[in-house]
Amino acid sequence: MTPHERQALQAKMRRLEDAVSVRNQRLAALGQDVKTADQGVKKDFYIYEEDFSSVANGATATGNINIQADSDFVMQKLTYFADISAAVQTDSSRVIPLMTVQIKDTGSGRDLLETAAPVSNLFGTGELPFILPTPKLFLARSTIAITVTNFSASTTYNLRLSFIGYKVFRMGG
């Protein structure tokens with residue numbers, strides 16, 4: 001290793017040590033023990049739901065889910081239920097809505113999808129929910145903004161979207 005490479009490595013090590021020191025100071029200021037900071041959480045099953053009523057063909061509807069201030073929310077699964085005029089359904093007559101959905105995490109300002117996708121591509125049923133490949137964290141006090149668009153030729157849908165996961169409560173130390 002050349003003297004120049006050694007100096008560069010030492011500078012990088014100092015920056016990392018400084019970053020760890022800052023993290024530890026922040027945890028201490030919050031009253032958390034540095035060694036057990038990750039253990040200071042409580043997880044509790046929770047479902048956020050957004051309902052869209054009478055979305056006519058060609059129409060777009062928006063909804064917002066406000067993440068409660070008491071905890072962060074980790075989304076793991078997605079389900080939907082759709083109907084046409086609240087008509088009775090069986091497994092063989094289950095409604096698959098011709099609708100797209102776009103989801104935005106306003107806490108980070110990021111869309112979860114590159115472009116709106118059909119509801120049935122992203123949401124499963126209660127019996128077989130869509131499981132996200134990676135759980136999605138929504139911070140407390142953030143909002144999940146949802147936009148749905150009906151692309152059917154003539155059908156009006158009622159749509160219920162469920163965001164299934166758990167709340168993460170930070171436990172004081």
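Annotations
- Annotation note: of D105, D111, the sole residue that is acidic (D, E) and exposed (fewer than 15 other Cβ atoms within 10 Å of the Cβ) is D111.
- Among the residues of region 61-113, the ones that are of a type outside the set (D, E, K, R) and within 17 Å of P135 (Cβ to Cβ) come to 14 in all.
- So D38, is it exposed (fewer than 12 other Cβ atoms within 10 Å of the Cβ) and either modelled with pLDDT of 95 or more or closer than 30 Å to L132 by Cβ (or both): yes
- Enumeration of residues in region 122-141 that are surrounded by 12 or more Cβ atoms within 10 Å (Cβ to Cβ) and without any contact (Cβ under 8 Å) to a residue 60 or more places away in the chain: L122, F123, G124, T125, P129, F130, L132
- For Y166, the conditions (1) over 13 Å from the mean Cα position of the chain (by Cα); (2) buried (at least 18 other Cβ atoms within 10 Å of the Cβ); (3) not hydrophobic (A, V, I, L, M, F, W, C) all hold with the exception of (1).
- Scanning region 80-87 for any residue that is under 25 Å from G40 (Cβ atoms), in contact (Cβ under 8 Å) with a residue 40 or more places away in the chain and part of a loop (DSSP other than H, G, I, E, B) turns up nothing.
The values are calculated or read from the model by the stated rules, or taken from the named source; none is laboratory data. Values in this document were obtained by computation on a predicted structure and should not be read as measured data. Methodologically, a virtual Cβ is constructed for each residue, glycine included, from the backbone with ideal geometry; neighbour enumeration extends over all protein chains shown.
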